[in-house]
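Have a look at the structure below before the remarks.
Computed from the coordinates by the stated procedures, all read-outs in this text should not be read as laboratory data. Being a predicted model, the structure only gives us computed values, none of them experimental. Glycine gets a Cβ as well: all are built from the backbone with ideal geometry, and neighbour counts include every protein chain shown.
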Amino acid sequence: MGAVTSSMAAKFAFFPPNPPSYCVTVEEGTGKLRMTDVAEKENVDVLKVKTKKGTEIVALYVKNPTAKLTLLYSHGNAADLGQMYDLFSELSLHLRVNLMGYDYSGYGQSTGKPSEQNTYADVEAAYKCLQETYGVKEEDIILYGQSVGSGPTLDLSSRLSRLRAVVLHSPILSGLRVMYPVKRTYWFDIYKNIDKIPLVQCPVLVIHGSKDDVVDCSHGKQLHALSKEKYEPLWVEGGNHCDLELFPQYIKHLKKFILAIEKTGPLRNGSVLSMDQMDNARNSTDCRPRQSIDQREKSRSSTDNRDKPRGSTDQIEKSRASTDKRDRSRKSVDYADKANTAEQPEKGRNSIDRFGDMMRSAVLCNIDCFKPVGTKV
């Protein structure tokens with residue numbers, strides 16, 4: 001088994017930009033951290049956060065004075081904060097949210113080396129920073145995971161009972177499943193999202209491109225199918241792995257999702273309104289009826305065990321270990337659902353779709369999710 005583990009580990013790799021796209025300096029007199037090689041903005045804080053693994057990660061906190069919710073964004077495999085800076089600023093502006101992004105250990109100016117377990121510690125440290133430094137409550141946080149970032153996002157969200165929502169952007173079922181069409185979860189696999197998604201108690205939005213040639217759209221479809229609280233997914237017709245931000249429906253759908261989440265709000269006992277109630281709230285915002293694609297789902301209790309107390313960080317770690325040891329067979333999921341017909345980027349854009357034009361020249365994701373070691377970057 002040890003040889004198998006070593007062989008599998010050799011096939012997976014992290015690709016932090018080399019050299020990093022930014023540096024961090026300390027302002028004389030104030031001690032304030034500043035990021036170089038980006039357009040400095042008054043509403044952006046630069047922080048260094050220590051993790052329980054002993055590394056120190058760099059994080060950005062983008063403030064929006066009109067925000068009710070906060071997005072915690074876990075980026076893709078070969079990006080760092082310097083490359084994501086403009087996107088984070090635009091998302092905060094257009095979605096009217098506060099946003100925290102962070103670099104994994106070994107990425108950008110974060111110390112240490114990237115690994116699966118370190119990314120789990122990284123996202124937990126960023127989450128803890130939101131609570132302790134900015135006073136953000138769990139029920140006001142939306143976790144957002146892009147590509148490999150879906151791993152730390154689902155690991156954390158599967159253990160938080162009062163989380164507001166989750167967004168999965170071009171997510172993976174697991175590391176092994178990106179390369180091989182396996183039907184079961186092996187103990188040596190990494191980012192076992194397929195096993196963790198059923199544990200998420202809050203609404204989940206999945207966004208995936210129909211032409212994704214790195215992580216097949218079937219990954220997103222199966223994660224959507226396995227979600228307890230499904231929100232209307234976005235299958236971007238013609239979208240690939242690294243270009244979904246350039247399609248106008250991307251920001252439109254995200255904005256609609258945020259508005260719906262804001263309208264419903266957490267209940268007093270910490271649970272979230274049912275998806276039918278969420279659809280009604282969204283309809284009142286959109287001023288037009290929309291049939292929920294999830295009407296086939298049976299109605300669920302509003303509590304859904306969300307009022308259970310959140311475990312400590314140590315309990316989270318123990319729970320993860322027990323989850324990762326599970327090695328069970330799973331039935332394959334029918335992928336016959338056709339991707340929703342979506343408007344193309346060439347169509348007219350309204351005011352919020354300037355976002356797509358602005359991001360067209362940005363470096364959003366410059367490498368695939370996983371590549372065999374030795375592949376040229």
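Mind listing the phi-derived Karplus ³J(HN,Hα) values for the range 234-239, rounded to whole Hz, using 6.51, -1.76 and 1.60 with θ = phi - 60°, and x for any glycine or proline?
Result, ordered by residue: 10, 9, 7, 5, x, x Hz.
Going highest first, how would you order 232-242, 174-184 by mean Cβ packing within 10 Å?
Peptide ranking by packing, descending: 232-242, 174-184.
How do the peptides 106-115, 136-145, 60-69 rank, highest first, by the average count of neighbouring beta carbon atoms within 10 Å per residue?
136-145, 106-115, 60-69
Where the centre of each part is set by its Cα atoms, how far does the range 18-84 sit from the range 135-166, in angstrom?
Going from one Cα centre to the other spans 19 Å.
Quick one: 208, 253, fewest Cβ neighbours within 10 Å first, how do they rank?
Final ranking by Cβ density, sparse to dense: 253, 208.
Would you work out the relative contact order for the range 66-123, in percent, from Cα pairs under 8 angstrom that are 6 or more residues apart?
35 percent
Would you mind checking which residues have amide H under 5 Å from residue 136's amide H? H placed 1.01 Å from N; only 5 or more apart, or other chain.
Answer set, sorted by chain and number: 131.
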